[in-house]
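The structure appears right after this line, and notes come after that.
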Amino acid sequence: MATPKRVVLYYPERGDPELGQPYSADLLPLEFLHICSPAMEHGFEFDIIDSMVEPDPMGKLWEKLEGAFAFGSTCIVGYQVADGAAVARAVRERHPELPIIWGGWFPSVAPELFLRNDLADAVCLGQGEVTFTEWLCALRDETPVDEVPGLALWRDGQMVKSPPRTIVGLDELPAPDFSMINVEAYLDVQERQASTAKVRYRFPD
């Protein structure tokens with residue numbers, strides 16, 4: 001039986017730690033849990049590194065990337081974009097042959113920024129559960145990723161898009177596996193006091 005392919009996923013910082021910015025801490029990495037479940041049915045394994053609850057995210061990242069099959073990240077807006085880009089650039093420099101994929105709101109609307117700057121080999125456009133799984137399977141099976149619907153790719157110095165992906169209802173997909181994360185770590189952060197309000201109610205400026 002073939003050894004399962006392991007994929008490392010990084011969830012960027014929501015606030016700049018050097019500025020002491022507080023951020024919402026009640027958000028579990030649900031998008032990662034949802035995209036992982038279909039891929040797990042195809043034999044892939046995952047390491048999720050969430051900068052919010054991991055005391056040494058970069059140290060953990062370098063540890064988990066050794067022997068990894070692919071790297072992925074996501075972001076919405078704000079500091080997440082900057083942190084995720086910096087981490088992806090560092091990953092590219094240290095592991096130049098490692099396939100990198102991005103998803104999330106910001107990459108979906110600005111995929112060329114990630115592709116042109118060599119921060120990604122592929123960007124999921126819109127819903128990513130099936131697209132992500134098929135991209136991984138294409139890499140594993142050495143079939144053309146250009147035929148996977150729902151991707152933005154960089155070819156001959158310009159961005160190209162594969163055929164659009166049909167939206168799939170979440171009830172048609174495998175349920176997220178919460179055993180992939182330490183839920184207690186998130187609860188611990190949520191219950192910490194930050195001035196007169198819990199950290200969950202504080203957001204970056």
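The values are calculated or read from the model by the stated rules, or taken from the named source; none is laboratory data. Because the structure is a prediction, the values reported are computed rather than measured. Calculation scope for accessible area: heavy atoms of the full protein, side chains included, ligands and nucleic acids excluded. Shrake-Rupley method; radii C 1.70, N 1.55, O 1.52, S 1.80 Å.
Report, in degrees rounded to the nearest 10, the 0 to 90 angle that the Cα long axis of helix 129-141 makes with the longest principal axis of the chain.
The answer is roughly 50 degrees.
Of all accessible surface on segment 1-156 at a 1.4 Å probe, what whole percent is carbon and sulfur?
Within segment 1-156, the accessible surface is 53 percent carbon and sulfur.
Using only the alpha-carbon atoms, what does segment 106-157 span along each of its principal axes? Please give whole angstrom values in decreasing order.
Largest first, segment 106-157 extends 28, 25, 15 Å along its Cα principal axes.
Compute the Kirkwood hydrodynamic radius of segment 60-120, taking the inverse of the mean of 1/r over all pairs of distinct Cα atoms, and give it in Å to one decimal.
With all distinct Cα pairs of segment 60-120 included, I get 11.7 Å.
Looking at segment 77-196, send over the antiparallel percent of its DSSP beta bridges, to the nearest 5.
Counting only bridges with both partners in segment 77-196, antiparallel ones make up about 80 percent.
Order the following by accessible area, largest value first: Ile101, Ile76. Probe radius 1.4 Å; ligands, DNA and RNA are ignored.
Putting Ile101, Ile76 in descending order of accessible area: Ile76, Ile101.
Counting DSSP beta bridges with both partners in the chain, what percentage is antiparallel, nearest 5?
Bridges in the chain are about 35 percent antiparallel.
To one decimal place, what orientation-averaged projected area in nm² is obtained for the convex hull of the Cα set of segment 39-81?
3.9 nm²
To check my understanding: the extent here is largest minus smallest coordinate of the Cα atoms along each principal axis. What are those three numbers for segment 132-171, in Å, largest first?
Projected onto the principal axes, the Cα atoms of segment 132-171 cover 39, 21, 11 Å.
Taking every pair of alpha-carbon atoms in segment 93-200, what share in percent sits in each 10 Å bin, from 0 to the bin with the longest distance?
Calculated over all Cα pairs of segment 93-200, the distribution is 13, 33, 27, 19, 7, 1 percent.
Based on the alpha-carbon set only, what is the convex hull volume of segment 31-153 divided per residue, in Å³?
103 Å³
Probe of 1.4 angstrom, ligands and nucleic acids ignored: what's the accessible area per residue over segment 1-153, in square angstrom?
Averaged over the residues of segment 1-153, the accessible area is 44 Å².
What list of ³J(HN,Hα) couplings, whole Hz, do you get for segment 155-167 from phi and the Karplus terms 6.51, -1.76, 1.60, once you set θ to phi - 60° and write x for glycine and proline?
So the Karplus estimates, Gly and Pro as x, are 9, 6, x, 8, 7, 10, 10, 6, x, x, 9, 6, 5 Hz.
Could you work out [θ]222 nm for the chain from helices alone, using -39500 (n - 2.57) per DSSP H run of at least four and dividing by all its residues? Round to the nearest 500 deg cm²/dmol.
Estimated from H runs of four or more residues: -10000 deg cm²/dmol.
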